[in-house]
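Q: Before I ask anything, here is the structure I am working with.
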Amino acid sequence: MPRFLNSFIFSACVLGTLLLAGCTSNGVRVPKLPAKSYQPQNVYSLEYIPATMIRVAVLPSYHPEEDPALLQNFDSTINSELSKVQIFELIPIDRAYLKKHFGTSQINSTSNLPASLLARIVRDYQAQGVLFTDVTEYHHYKPIRVGLRSKLVDLRDGELIWVFDDVFDSAQPNVSAAARRYSRQVFTDRFPLDSADSMLQSPQRFSRYVFHEAFETMPSR
């Protein structure tokens, strides 16, 4: 067989392999992700954020286990991912404020709220909305599971603007595919040789994906 024909066949085979397997610019092979990905189901939302809602008070996260390090990580991630949405001015409320005025460092959105909570937030922060975020489930061993419930409330009349409630199980193919896809978008520049599968082994990274996915369902302006 002529040498040029052997070379052509070899090149075609290599190209076909790359198209099937996928690759990055640095030559690292990247497995193709399933087309079907996570789709939020349990979401209530108005069509638009009210024009009058400019400032939103962000309450600290709630989790039944009051682990300070864990809660601090949740709070940091919430504010980080919310800042990317860019639909209102964020006013983070710290736990010391809640403890001083209401005797607790965290508030569950499904429990009875302190009587003066909403009125005090309006007075002290001139906010028009308040965001509650409950981490309803947190299993940090593989497979990682994170349950999230979040509510955006209009402080003028107590109307619900947006509610999200779901459990993200990394063992579910649609969730794992979405998390890995998110990882490739966010972490590629920082960790070009790192597999997106590491997202499914890191509770901190997976939680970041969960908050991102939830906040993306918020209504627009």
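The values are calculated or read from the model by the stated rules, or taken from the named source; none is laboratory data. Predicted model, so just to flag it, every value in this text is computed and none were measured. Cβ placement follows ideal geometry from the backbone for every residue including glycine, while neighbour counts extend to all protein chains displayed. For the accessible areas, the whole protein counts, side chains as well, though only heavy atoms, and no ligand, DNA or RNA atoms are used. Shrake-Rupley method; radii C 1.70, N 1.55, O 1.52, S 1.80 Å.
Q: Among (1) modelled with pLDDT of 90 or more; (2) under 20 Å from Asn73 (Cα atoms), which single condition is Val186 missing?
A: Here Val186 clears every test but (1).
Q: Regarding Leu46, is this residue of a type outside the set (Val, Ile, Thr) and in contact (Cβ under 8 Å) with a residue 24 or more places away in the chain?
A: In short, yes.
Q: Filter the range 87-104 down to residues that are β-branched (Val, Ile, Thr) and in contact with a helix residue (DSSP H, G or I) (Cβ under 9 Å, 6 or more places away or on another chain) and give me whichever is surrounded by the most Cβ atoms within 10 Å (Cβ to Cβ).
A: The selected residue is Ile93.
Q: In the range 137-179, how many residues are over 15 Å from Val43 (Cβ atoms) and in a strand (DSSP E or B)?
A: Total meeting the criteria: 8.
Q: I'm trying to understand the selection: among the residues of the range 141-158, which are modelled with pLDDT of 95 or more, farther than 16 Å from Asn108 by Cα and of a type in the set (D, E, K, R)?
A: Those that are modelled with pLDDT of 95 or more, farther than 16 Å from Asn108 by Cα and of a type in the set (D, E, K, R): Arg145, Asp154.
Q: Any idea which residue in the range 103-136 is farthest from Ser76 (Cα to Cα), counting only those that are hydroxyl-bearing (Ser, Thr, Tyr) and assigned to a loop (DSSP other than H, G, I, E, B)?
A: Looking at residues that are hydroxyl-bearing (Ser, Thr, Tyr) and assigned to a loop (DSSP other than H, G, I, E, B), I get Ser116.
Q: Also, quick follow-up: Of all residues in the range 73-86, which are open to solvent by 50 Å² or more (accessible area, probe 1.4 Å) and free of Cβ contacts under 8 Å to residues at least 60 places away in the same chain?
A: The answer is Ser76, Ser83, Gln86.
Q: Let me ask another. Leu70 is checked against (1) touching a residue at least 40 places away in the same chain (Cβ under 8 Å); (2) more than 30 Å from Asn174 (Cα to Cα); (3) part of a helix (DSSP H, G or I); (4) open to solvent by less than 50 Å² (accessible area, probe 1.4 Å) and fails just one. What number does that condition carry?
A: Result: Leu70 passes all but (2).
Q: Which count do you get for residues in the range 51-64 that are more than 20 Å from Asp124 (Cα to Cα), in contact (Cβ under 8 Å) with a residue 60 or more places away in the chain and surrounded by fewer than 17 Cβ atoms within 10 Å (Cβ to Cβ)?
A: Of the residues in the range 51-64, 1 are more than 20 Å from Asp124 (Cα to Cα), in contact (Cβ under 8 Å) with a residue 60 or more places away in the chain and surrounded by fewer than 17 Cβ atoms within 10 Å (Cβ to Cβ).
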